[in-house]
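Accompanying notes for the structure given below.
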Amino acid sequence: MATTHNLGFPRIGKKRELKFALEKYWRKETSKDSLQLTALGLRQQNWQHQADLDFVPVGDFSFYDQVLDTSFMLGNIPSRVSQLEGDDLDNYFRVARGRSSNDESSCCCVSAGEMTKWFDTNYHYIVPEFEQDTSFTLDASQLLAQLQEAKQQGITAKPVVIGPVTYLWLGKLKTESANEEDKLALLDDLLKAYSQLLNFLHQAGVDWVQFDEPILVTELSQAWQHVFRKAYFQLTNSPVNILLATYFGELQENLQLACKLPVAGLHLDAINARNEIEKVIDWLPTHKVLSLGVINGRNIWKTHLNKTLDWLEPIHLRLQDRLWLAPSCSLLHVPVDVQSEEKLDPDIKSWLAFALQKIDELQVLAQALNEGRDSVAKVLAENASTLLSREQSKRAHNKAVKARVSLLDNGLEKRQSPYSQRAKLQDKKFNLPLYPTTTIGSFPQTKAIRQIRSDYKNQKMTEKHYRQNMEREIKTCVAEQEALGLDVFVHGEPERNDMVEYFGEQLEGYAFTQFGWVQSYGSRCVKPPIIFGDISRPKAMTVEWIKYAQTLTDNPMKGMLTGPVTILNWSFVRDDQPRSETCLQLAFAIRDEVLDLEKAGIHIIQIDEAALREGLPLRKSQWQSYLDWAIQAFRITANGVADDTQIHTHMCYSEFNDIIAAIADMDADVITIETSRSDMELLDVFDEFQYPNEIGPGVYDIHSPNIPSVDSMVSLMKKASLRIPAKRLWVNPDCGLKTRTWDEVRPALVNMVEASKLLSARA
């Protein structure tokens with residue numbers, strides 16, 4: 001009999017209950033007990049949704065991030081936080097966001113932990129911090145309490161824990177001049193904590209524990225391969241069966257290593273590593289379980305059940321009870337329930353499967369294997385019919401779009417002149433001071449703004465009144481920037497719900513959900529639009545708003561666009577053609593918008609590529625192929641403008657040191673990046689790489705409510721000026737300001753402008 005289980009479930013709730021509970025708690029509108037009660041209700045609801053599985057994940061719930069949860073479980077709390085007043089939850093939120101709900105003044109506000117992307121997803125995690133003398137002290141009380149909750153609900157639980165090697169690999173040593181060997185020296189003490197955890201789980205009646213080790217799908221050095229052997233051989237005598245979970249890619253040269261590790265089972269991502277299944281079966285000892293991730297945990301298209309059974313049935317015959325079935329990875333990356341989508345086009349809706357539907361698909365596959373296809377014949381027939389309708393749908397294909405992409409001319413990718421010549425023309429045109437100030441695009445999305453958009457969308461407001469309201473909000477944003485003394489303005493983006501969804505709503509080939517939310521970080525949720533067909537732009541999307549904003553000021557106004565690679569990576573993408581082809585379609589659509597902005601008199605245009613690095617394959621050997629078409633797409637988008645039009649791009653929370661040459665090849669006149677949480681660490685690459693264009697290293701961490709001081713921002717920019725000439729430096733926040741309040745934004749930007757003036761005076 002094939003066994004069913006899941007690697008993780010969305011934690012936010014169908015209606016983002018966790019988001020709203022967290023934000024109320026942070027605003028001190030509700031108590032800690034109330035927050036915990038909401039969390040308990042969500043956990044119980046999630047377990048009930050999965051109750052028919054043979055094993056249900058426990059420990060996948062988190063108030064902010066599962067990596068941060070692991071740090072606290074291991075007692076690895078930064079020293080700047082651990083000595084503060086308050087309980088563990090206060091300190092947890094201080095590391096996550098710089099402040100807990102109990103912090104009345106700046107005395108308890110600290111630097112939040114560094115945040116970066118979870119492998120090649122749009123989920124963010126808090127990077128573990130290590131010192132050379134870091135020690136680990138296990139506190140498994142939270143996990144054990146959740147296991148008790150699940151037991152009371154009659155759930156057969158499988159705890160989910162970040163594996164010891166991946167945890168160590170993800171962390172950063174904060175000691176100056178520390179090296180990789182110093183980090184590896186922490187392994188023995190770390191393994192003591194994991195051994196203790198396994199003993200506690202055994203005492204709690206646990207049979208199986210899932211250790212997530214996704215770094216096995218990356219290119220590991222011999223040293224890290226040795227760490228895997230050492231770690232799991234030290235855990236050989238575990239009283240609990242360990243299921244080693246890999247996902248997001250192929251094992252390749254790590255395949256033999258993964259199969260030989262002394263664990264009770266191995267999970268393979270059968271969506272991304274389908275061609276490795278036979279090799280794994282051959283290599284895996286006969287006493288071990290093989291879990292296959294047969295349902296795509298990263299995308300929202302229905303599984304072709306018959307086709308999956310065609311290749312799965314022979315495997316089941318070979319493995320019998322040793323075969324487990326699961327999604328490819330945690331379902332954290334997809335929305336909860338497609339049945340909530342009452343306004344979605346019925347045809348498109350029929351093609352989709354969210355988390356609950358993926359659990360159902362898993363059960364159907366298991367029943368077909370265990371009892372025969374006849375036992376689920378009706379479901380299989382309906383599934384096949386639905387997917388055939390998608391395949392034959394004329395709505396997904398546009399001959400004109402495909403023809404435009406097929407006639408691609410390399411000349412479209414090139415600016416008229418090199419940056420050195422463009423910079424002179426732009427300097428003369430804009431006449432900006434040293435250390436010019438700007439923001440990344442959005443200003444606070446107030447409750448009033450969201451209500452206006454909601455009323456208009458629900459036809460409770462006429463288009464005329466909507467435009468009047470939005471123009472009033474834009475006018476407010478421009479007036480605020482005048483008062484602050486910024487140099488390059490933005491219109492504030494009050495009309496935009498999301499930097500991808502806003503554009504998708506105006507492009508052909510997109511579909512949208514009401515409740516298709518997924519977690520990006522903490523309480524921040526995004527609703528990725530769905531690319532179901534060929535992409536085109538029927539009309540201008542931003543021009544009228546930006547033109548209006550420019551009439552309100554003599555300062556240059558930036559046109560704000562989202563780039564093709566980010567739109568691609570932050571959407572649910574069609575799976576019936578290469579991602580590169582879809583990206584080029586997006587590039588042509590956004591190029592048309594860039595040229596229309598320029599014609600309208602907007603001569604500074606920012607094209608955000610926040611997710612450029614996120615799309616990188618997890619193996620460096622595959623990077624160049626991706627970068628070739630991703631950079632090409634950006635250049636097609638940006639490079640049709642005149643030399644005196646200044647192109648900006650923005651990247652946030654991405655380690656980009658190892659792709660700096662590709663970023664330079666984008667040839668944007670100005671790039672703005674996140675550097676505040678990493679203390680300008682991301683600029684270390686410029687010690688060796690002579691970046692040719694202008695750069696704005698973010699000095700204001702907008703993901704924390706803390707207000708940066710003038711001195712802190714001056715200090716960060718001084719570090720930047722050691723690597724990049726002052727005449728090529730900008731001063732800006734590290735991301736858009738939509739998630740912050742005006743009470744936080746105003747003083748922070750006042751300090752930022754003052755920092756710029758001090759820097760300019762001292763230059």
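The values are calculated or read from the model by the stated rules, or taken from the named source; none is laboratory data. Note that the structure is a prediction, hence the values are computed from the model and not measured. In this analysis, Cβ positions are derived from the backbone assuming ideal geometry, glycine residues included, and neighbour counts consider all displayed protein chains. In case anyone asks, the SASA skips ligands and DNA or RNA and just uses the protein heavy atoms, side chains included. Shrake-Rupley method; radii C 1.70, N 1.55, O 1.52, S 1.80 Å.
Points worth noting:
- Calculated on alpha-carbon atoms, Rg and Dmax of segment 577-655 in Å: 13.7, 43
- Under Stokes-Einstein, with the Kirkwood radius over Cα pairs as Rh, the value for segment 610-763 at 4 °C and 1.567 mPa s is 79 µm²/s.
- Dimensions of the chain based on its C-alpha atoms, expressed as ranges along the principal axes with the largest first, amount to 73, 62, 50 Å.
- Lysines with Cα under 27 Å of Lys620, excluding same-chain neighbours fewer than 8 positions away: Lys117, Lys172, Lys174, Lys183, Lys230, Lys260, Lys279, Lys414
- Between Lys307 and Leu434, the FRET efficiency estimated from the beta carbon spacing at R0 = 51 angstrom works out to 0.25.
- Relative contact order %, segment 8-82, counting alpha carbon pairs below 8 Å whose residues are six or more apart: 35 percent
- Once the 1.4 Å probe is applied to the protein heavy atoms, segment 693-757 comes out at 33 Å² accessible per residue.
- According to the Cα-based calculation, Rg over Rh for segment 420-475 is 1.27, with Rh computed by the Kirkwood formula.
- Under 5 Å between amide hydrogens, built in the peptide plane, is the criterion, and for Gly441 it picks out Leu737 among residues at least 5 positions away or on other chains.
- Secondary-structure-derived ellipticity at 222 nm for the chain, considering helices only, amounts to -12500 deg cm²/dmol, per-run term -39500 (n - 2.57) for DSSP H runs with n ≥ 4.
- When the Cα positions of Ser704, His491, Pro285 are compared along the charge dipole of the chain, His491 comes out farthest toward the positive end, with charges on each C-beta of Lys, Arg, Asp and Glu.
- Thr476-Gln690 FRET efficiency (beta carbon distance; Förster radius 35 Å; 0.05 resolution): 0.25
- Debye log10 I(q)/I(0) for segment 235-294, one point scatterer per Cα, at q = 0.30 Å⁻¹: -1.41
- Put a dot 7 Å past the Cα of Lys192, heading toward its Cβ, do the same for Arg27, and the two dots end up 4.6 nm apart.
- Here the chain carries DSSP beta bridges of which approximately 15% are antiparallel, counting only pairs with both residues inside.
- Angstrom value of the Kirkwood radius, inverse mean 1/r, which spans all Cα pairs in segment 90-226: 17.3 Å
- P(r), alpha carbons of segment 46-122 - 5 Å bins starting at zero, rounded %: 3, 13, 23, 18, 14, 12, 8, 5, 2, 1
- Distance in nm between pseudo-label sites at Thr156 and Leu412 (7 Å out along the Cβ direction from Cα): 5.5 nm
- 5 angstrom amide H check on Ile162, placed H, neighbours 5+ away: Asp212
- Axis angle, to the nearest 10 degrees, between helix 710-721 and the longest C-alpha principal axis of the chain: 90 degrees.
- Projection of the Cα convex hull of segment 382-512, averaged over all directions and equal to a quarter of that hull's surface, yields 14.1 nm².
- Cα-based helix-to-principal-axis angle, 355-371 vs the chain, degrees rounded to 10: 30 degrees
- Tail fraction, Cα-Cα pairs, segment 239-380, threshold 19 Å, whole percent: 53 percent
- Rough spin-label spacing in nm, given labels placed 7 Å along Cα→Cβ, for Glu342 and Ser454: 1.5 nm
- Charge dipole magnitude, Cβ of K and R +1, D and E -1 - the chain, Cα centre, debye nearest 20: 1480 debye
- Cα centroid of segment 22-77 to Cα centroid of segment 164-228, whole Å: 23 Å
- Folded to 0 to 90 degrees: helix 88-97 orientation relative to the chain principal axis, Cα: 40 degrees
- Over the Cα atoms of segment 91-154, the radius of gyration divided by the Kirkwood radius equals 1.08; this is the Rg/Rh ratio.
- Ranked packing of 436-442, 324-330, 447-453, 365-371, most packed first, by mean Cβ within 10 Å: 324-330, 436-442, 365-371, 447-453
- Rounded FRET efficiency, nearest 0.05, which uses the C-beta distance separating Leu758 from Gln132 and R0 of 35 Å: 0.50
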